[in-house]
1. Give me the aspartates and glutamates in straight-line cross-link reach of A:Lys100: C-alpha distance below 12 Å, same-chain residues under 8 apart excluded.
2. Please report the projected area of segment C:46-115's Cα convex hull averaged over all directions, in nm².
3. Please sort A:155-164, B:298-307, A:119-128, B:143-152 by packing, taking for each peptide the average over its residues of neighbouring beta carbons within 10 angstrom, highest first.
4. Evaluate the distance, in nm, between pseudo-label points positioned 7 Å from the Cα of A:Ile148 and of C:Gln326 along their respective Cα→Cβ axes.
5. Take peptide C:345-352, look around each residue's Cβ out to 10 angstrom, count Cβ atoms belonging to other protein chains, and average those counts.
6. To one decimal place, what Kirkwood hydrodynamic radius in Å is obtained for chain C from all pairs of distinct Cα atoms?
7. Mind checking the log10 I(q)/I(0) for segment B:174-225 at q = 0.20 Å⁻¹? Debye, one equal scatterer per Cα, no solvent, two decimals.
8. Working from the alpha-carbon coordinates of segment C:132-288, get Rg over Rh, Rh being the Kirkwood radius.
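Derivation of every value follows stated rules applied to the coordinates shown; laboratory data play no part. Here the structure is a predicted model, which is why all the values come from computation and not from measurement. Heads up, the Cβs are rebuilt from the backbone with ideal geometry, glycines too, and the neighbour counts pull from every protein chain shown.
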Amino acid sequence: MSAVAASKAGPGLRLTLALFLTPVVLWLGLLIVLPHIDLLIMSFRMDPSFGDEGWSFENYRQFFAEPIYWLTFVRTAGYSVLVTLLTFLVSLPVAFYVTKVVARNTSRFLLTMLLLPFWVSELVRVYGWMILLRESGVLNHWLTGLGITAAPVEMLYNDATMIMGLVYTSMLFMVVPLVSVLESLDDSLIEAAYDLGAGPWTIMRTIVVPHCMPGIMSGAIVVFMLTLGNYLTPNLMGGKNSLWFTEQIYNQFIASFNWNQGAAFGFLLLALSSCIIWLGLRLTGQKLSRVVQ
Amino acid sequence: MQGPAVSPLRGTGGNRNGYRTAPAEGACQTRRAWRPRSSSCTVPADGCRNGRWRAGARPCAAGVHDQMSPDIFPDLSVGNVVKRFEKFTAVDDVSFEVEQGRFFSILGPSGCGKTTLLRMIAGFESPDSGVIAIRGRDMAGIAPNRRPVNLIFQHLALFPMMSVAENIAFGLKRRGMAGGDIARKVQDVLERVGLPGYGAKMPAQLSGGQRQRVAIARCLVLEPAVLLLDEPLGALDLKLREQMKVELKTLQAEVGTTFVYITHDQSEALVMSDHVAVMNAGRFEQVDTPRNLYRRPASAFVAGFVGETNVWTGTLEEVAGDAGVVRTDEGAVFRARVAAGLARGARVDMFIRPEAVLIDPDGAACVTGDAPDYAPDYAEDAAPGGDAPLPPRGACANRASVQVQAILFDGAASRLLTHPEGSRREVMVALPQNRLYDHIKPGDRITVGWDDRAGICFAAGSGR
Amino acid sequence: MTKKLLSVLSMITVLLLPCLGQAAPKEFRLLTWKGYAPAELVEKFEKETGYKVQVTYSNNEEMIAKLRATRGGGFDLAQPSQDRISSVQESFGLYQAIDFGRIEAPRFIPSMLDAVKKNTLVKGKSYAVPFCWGTDGLIVNRKFAPEAKSFADLLDSKYAGRVSYRLKRPTLIAQAFGMGVDPFALYADEAAYQKMLDQVEGKLIAAKGVVKNYWTNGDALLESMRSGEVHIAQAWDNGGFKLHAENPDIDFVAPTTGALGWIDTFAIPAKADNVDAAYKWINFMMRPENAAVFTNAEDTPTAAVGVGERLKPAFRADFERCYPQQVIDNIKWYPPVPAKLEAMEGKALDRVKAAQ
């Protein structure tokens, strides 16, 4: 049987396929799957310096037993949802303007301008914001110079600034899928709705957003995951109050040397964020397979 | 031709034809030509009063102002509308009116400005100057969603994420109508367009013709003053298009809504419309009934654009009223009608329709299809100027000997492609499928003839 | 098609091969702190030995994490602080014992060499030799905070919005001293240590309104001090020296309870490939002329002897100004920290950060 199948497929083709797949499988297996399995096993074991080395759910129990951990997670997830929402609200008009309002050449130029800040690393961008917003920063210099504020105001190190930074960091990942779905939106649908008596707000709600839903969801998933997994922006811009869940994981691995606890946190983050995305997809009636297209 | 000899054709009553090559002058009269009930001057919103509205038109009777009431306004009136895009003038001083319940078409090649005009009526573009009024109300500054007009888009623009019923209910919801009323109205209109029970389907599940009807229903349910249609049949296949033409016409007659239809397809315009405006390079060349457009084109462009036509270039040898004699560049001499303003010696293009050209005119009954236009009152013979003998007057007066190049079989629209003797000029001749001409083969020499009123001359090159 | 594919695959293989192969034997991979391998010395060392030096910058926590991930491989020499070695060594065995026969002992200040030997002793073997030392204290802008002189001042509401410190264990230790408790004395007693941590945690949370931010990057902190945004910070002495040179109002201040002394060391990872180079680098760095180059560049004294007259006058002035004998005598040197305490501290720090 198998000999027949092999001769049918052709030995050359099979060899090629095997050769072609090997690096991919090795790559995935060695660099992604294996370490994850190792981490998963680690998350079910206790830190050797904390006593016995058997299997246990202690690391997971710790997460729910210690309010600081799950509160941090709730806070992180909540802010991530908020950031995703805000990013969408900011990105939709931008994407709409780029695709539907300006001429084709201008739109290409604008898209490039949007991409430009992302050619430098996130760290540089965040420091850029810090230079702008810090107490002795550019913005305060102008504000006091123009007499709008009497003394410089510290604009960094609060949640609002952190959220703004996160929105800025993730905006592109929302704008790009939105631009691509908006490009597929026939202008005449918008005009037809307008012609049938709808105002701009109704058009957005009834025509543009439903059409863009797959793009919105794929953008939202990316933004949500990126925000949830962000470390730099909350830490640098949020400052003293902004404990982010990734920082908890970092602390477990790096500061407390408790890799087992850190691994458990990592998997909890994965599981809980997957749940939130699943919930989001359910609520908006989207299918993952359609969204990732 | 030498000198202004007294024309034998003088005084043949050519003014009856009312040909006009420049529609801008006397626009009101042009309008009158296709408006049967034009016994009183219609008064647009304020145009007549500010004097700008109908330059050159017949002045309104003084008493009309006092009797003004909404129903004397036409559903749509467009006055001296101009729209420029940077240096390009898309719509150049266009004026027309459409009365209640009419099917009005604007016919023109792509890029002639018809879509821009339609979009201005719908409100998506605003005119640089001029007035657009709907039922007497000036539409300047009124957004598309506040205008009592609806537009059927070229590709229909049904909302793919909504069902048929939701599509139709869309406009009603925007008006804040109650849910029960909406459902009833949607059901009514679906029945009216012949799609009862289709409400729950999605647009993607419908055939092209059904989608068409949903798009119409979606607009009709809002009871617009004017329904605008932007070549909605363009995307359909031929068979369905033929069918929809008839359906649209019947539907329009049934609902009585004023339709303004733009198309580049003359057949759509001619079949469906009460009146057709032929548009070229931003201007209306002629506004008339389909029949008149076809038979009495007002310009070379109309003659060339509406229906098929053969063109001969030549020189006018005689002019008398609207009748004349043309000597073609090949040396043949034909009698034909002549557009106003052309003098003896002018270079002209003579247009003659393939179906006006009869094969073997002596063997067949020579009847022109233009009976009312038939002018028996010829003046007496005059000395023909030139060497070639002047063709006799009357039916099938013009003769030409041509060689058949190819037979273009197309059912009822079959034609012969021929060359006149000693010329490479292509002349199309209608080939009626009545078995009389089955013997004709490529290479045959045949005689063709046509009525001396069937051809019409315009200044050479004016149609381009 | 097949041929094309094969050629592409073979190209990929060729490109990947060097990555899969072992690092060149003449390479010396150093895992250290920023500034601990001045370019001038790296060049000199390369010329002298023929090794190619590859430097990776890190901090205590990440150094340990990196070595733990590779189980002590990937680097030939690391420079953790002396108090972070023994517990890590006990748990994970990241380092190999120092072969004192290969160390040129006379180049070290004997007391420091002995202290590090003692503090890194695990099962009878020592795992590190000292390199440099410094203290954690206060950097104060005297113009705005002329009286600041204790770690407790970092929590004082009169400096609200003008204070900065790291949210790391030195802060907890400093605040314990600020409360008048000696945390090092409690290392052996977990319960007492936890009680002390709870108190410190409470104080830090109560004083969250006072702190402007928890600094994470030394350069960023110096910038905030320079611009006058921050008036007192808990930071390393060399930062204070740097700022003092620019603005005489700003200086390092050893707190009344004593500056917190740290010693950074040389420790050889368990799976180091190039142990020879590691010893060569240690002995090279401890040569007085080389140690002086480092100190002059980083304002950080080393454990090398005979450096004195090679130091730049500014550093000597800084040192004499900030470190009179009684201050040096009062330095609280970090003893080796038990691993369990670090986990307790981690939680306390998380709670401080999360508190609103």
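1. Straight-distance partners of A:Lys100: A:Glu183, A:Asp186, A:Asp187, A:Glu191.
2. Over all viewing directions, segment C:46-115 projects a mean Cα-hull area of 6.0 nm².
3. So the order, starting with the most tightly packed, is B:298-307, B:143-152, A:155-164, A:119-128.
4. 5.3 nm
5. Values: counts 2, 9, 7, 1, 4, 11, 6, 3.
The per-residue average across the peptide is 5.
6. Taking every pair of different Cα atoms in chain C, averaging 1/r and inverting gives 21.8 Å.
7. Results for segment B:174-225 at q = 0.20 Å⁻¹ read -0.70.
8. 1.05
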